[in-house]
Structure formats: C-alpha cells, structure tokens
Amino acid sequence: MCLAISGSLLFFASRSRSVADSGHLIRPERPAEVRSQSQEEAEQKSTGCISCHTSTDEPTMHPTKTVLLGCTDCHGGNGDVRIAAGVAASPAEYTRAKEKAHVQPRDLRFKERSALPERTYTAWLRESKEYVRFRNPGDLRVAAETCGPSGCHASEVRAVSTSMMTHAGFLWGAALYNNGAFPKKNAYFGESYSPDGQPQAIRTAPAAASDPHRARSDSGGSAEKGDRA
C-alpha cells in the first residue's frame, strides 16, 4: 500500500484526500452546550452507561472536574439505554440493552471483546468512524472531533496528527535498517490513513529545507558509512 518517503515526505499509493484536506484537522467548535454543561447535564449522558458499567477507576477522563463531560460526549453510543437493577449479565434483556447502547462493529470478530483481536491488520480501517469513536475516542481517525475541538485539546491533536505517530515511518525505518533489510537510515516506508480509513498521501508544509548531511547519507556517502562503522 505504501511507496517511498523522499526526504521527509511520505508518499502512498492512494491519492485520497489528506486528513488536513478533508477538514478533520480543522478545529471544529465543540457545541456551547457541551463546553458549558452542568454536572447534572453531563451525568444524564452517562446514566444508562453506569447502569451496567458500575465499577470504573474514574467516572470521567477529567477527574479534576474542570471539564464536565458525560460518557457519550466522547464515546458516542446511546446513553439513554438502561437495564433494571438486579438484571443478570446473561438474560436476553441484558443482551438487547447492550446492543442498543453500544455502537456495533461491521466485523463480528470485534464483537464481545474489550481488546482488538490479534493480527487484524487493516480490518480495523473498514470499521465506521462511529464504532472507532466508541471503542477509542483518541484514535487519530476521530480525535479531531472528540478530543480536539476548539477549547479542548486542539493543539495536542494537531501536533500528534502531523507527527510520526500518524505514519510510523521511523518505526519501519529503524526495524528495516537495523535488521539489514534496507541499506539506508532515512525512513523510506510508512503508512497513513484518512478518517474514512483510506490510504492517504502526506506532505511536509512548508517543504523541508535541504540538508547536506541527509543528502550525503542518502547517496551512501561518508556520513552514512561513518555512522555504520
């Protein structure tokens, strides 16, 4: 799926729009009613959730209470679905309530699991943004809409979305170089995907300045040979 990195630029086979082009790195405004909601309003969005999830380390990701959010503000899903007190985990009533409250996956391998199955590879990319958000609001496919609206963690999401965390080029580069599979230290391989799960092209903006040391390394000059000696 991926081609090569030239200098600091990643190029991929797909020509789909980049995250920035598709608008998902534009810092959307979180609705005023969410930013300024009361404790009671936030709790109403969690009442159905905590009728099942009765024991957690913290009821919110913001234990300082400086931000008041309910479960569905970040995870989505249906927080209005409740189960009656004392209903066991096995009856059909519990199962029906769970399926109505939870966003359901397209791939049934993800169902009834708290962690992703091993070796799913790109199957995760075929899941809907709603399901990705439900499972992991911090996933870069949805983080701009969950954690990153204006007034929240916009700068952090923007920084991560333009870092190596979104393409893993240095991970692949280090693994291939250190194991003798590719002769150059500079990263030439990586992968990145848009919010809709499609391979995307990434370019540095503005373009990176030329680096004579990088040029010597890429051409197999003394800089690279000396580093490997």
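Throughout, read-outs are computed from the coordinates displayed, never taken from laboratory work. The model shown is predicted, which means the values in this text are computed figures rather than measured ones. So basically every Cβ, Gly included, is an ideal-geometry build from the backbone, and we count neighbours across all protein chains shown.
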**OP:** Report the calculated FRET efficiency for Gln39 and Glu93 (r = Cβ-Cβ distance, R0 = 30 Å), to the nearest 0.05.
**Re:** 0.50
Subject >> Cross-link reach list, lysines versus Lys185, counting only Cα pairs under 28 Å and skipping chain neighbours closer than eight places >> reply: Lys225
Original post:
Using the count of nearby Cβ atoms within 10 Å as a rough guide to exposure, how do Val142, Val160 rank from fewest to most?
Top reply: Val160, Val142
Original post:
Residue separation times 0.36 nm, minus the C-alpha to C-alpha distance between Cys52 and Arg82: what's the value?
Top reply: 10.0 nm
Original post:
Looking at this model, which pairs from Lys98/Lys129; Lys45/Lys111; Lys65/Lys100; Lys129/Lys184 are more than 25 angstrom apart at the alpha-carbon?
Top reply: Lys65/Lys100; Lys129/Lys184
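Taking the Cβ of each residue in His62, His102 as the centre, tally the other Cβ atoms inside 10 Å and list the residues starting with the fewest. Write down the numbers at each step before the final one.
Working: His62 13, His102 19.
If I rank by nearby Cβ atoms, fewest first, I get His62, His102.
Got a sec? How would Thr122, Thr146, Thr162 order by Cβ neighbour count within 10 Å, fewest to most?
Numbers: Thr122 11, Thr146 21, Thr162 16.
Ascending Cβ contact count within 10 Å gives the list Thr122, Thr162, Thr146.
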